[in-house]
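The values are calculated or read from the model by the stated rules, or taken from the named source; none is laboratory data. Quick caveat: nothing in here was measured; it's all calculated off a predicted structure. Every residue, glycine as well, gets a Cβ built from its backbone with ideal geometry; the counts of neighbours run over all protein chains shown. For the accessible areas, the whole protein counts, side chains as well, though only heavy atoms, and no ligand, DNA or RNA atoms are used. Shrake-Rupley method; radii C 1.70, N 1.55, O 1.52, S 1.80 Å.
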Amino acid sequence: QVQLVESGGGLVQAGGSLRLSCAASGSIFRINAMGWYRQAPGKQRELVATATSGGSTNYVDSVKGRFTISRDNAKNTVYLQMNSLKPEDTAVYYCYVDVQVSLVRRSNYWGQGTQVTVSS
């Protein structure tokens, strides 16, 4: 079993910044990728950013240039630095991990979600 604990959400005004953190623990053989999804009311969950085991990063077009994903592999932690926040960034943000639990089992896990609200 793998557990993800998120923190860092909150209420900010447009143009402000927040940094989300997500720490993974438990039965982890190897982490393949970690990332962040978000879900706004009435909309599907969308991928915001991901960091692969090879060190590459990817972002949804709407956050490019504003958000930065990073990893601390020693701590099994992923961060999302969010700058120049816009009201349309308002959503529940979920941490995601693609983990190799053992040599023969690969699984995905989700954090509990943290609310990000950007006011205008």
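Quick look at the values:
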| quantity | calculated |
| --- | --- |
| Of residues in the range 77-120 being over 13 Å from L18 (Cα atoms), in a loop (DSSP other than H, G, I, E, B) and of a type outside the set (V, I, T), the one farthest from the chain's Cα centre (by Cα) | L103 |
| Residues satisfying the stated conditions in the range 23-59, i.e. over 10 Å from the mean Cα position of the chain (by Cα), open to solvent by less than 40 Å² (accessible area, probe 1.4 Å) and over 17 Å from S7 (Cβ atoms) | I31, N32, A33, A40 |
| Test: residue in the range 62-73 that is without any contact (Cβ under 8 Å) to a residue 60 or more places away in the chain, touching a helix residue (DSSP H, G or I) at 6+ places or on another chain (Cβ under 7 Å) and under 20 Å from N108 (Cα atoms) | no |
| Inter-residue pairs, beta-carbon under 8 Å, first over 18 Å from V60 (Cα atoms) and in the range 29-46, second open to solvent by 60 Å² or more (accessible area, probe 1.4 Å) and not acidic (D, E), 6+ apart | F29/L103; R30/S53; I31/S53; I31/N73; N32/S53; N32/R106 |
| Any hit, the range 58-76, residues being under 18 Å from Q112 (Cβ atoms) and assigned to a loop (DSSP other than H, G, I, E, B) | yes |
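Okay, residues lined up against (1) among the polar types (S, T, N, Q); (2) open to solvent by less than 20 Å² (accessible area, probe 1.4 Å):
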| site | (1), (2) |
| --- | --- |
| T68 | yes, no |
| L85 | no, yes |
| V97 | no, yes |
| R106 | no, no |
| V118 | no, yes |
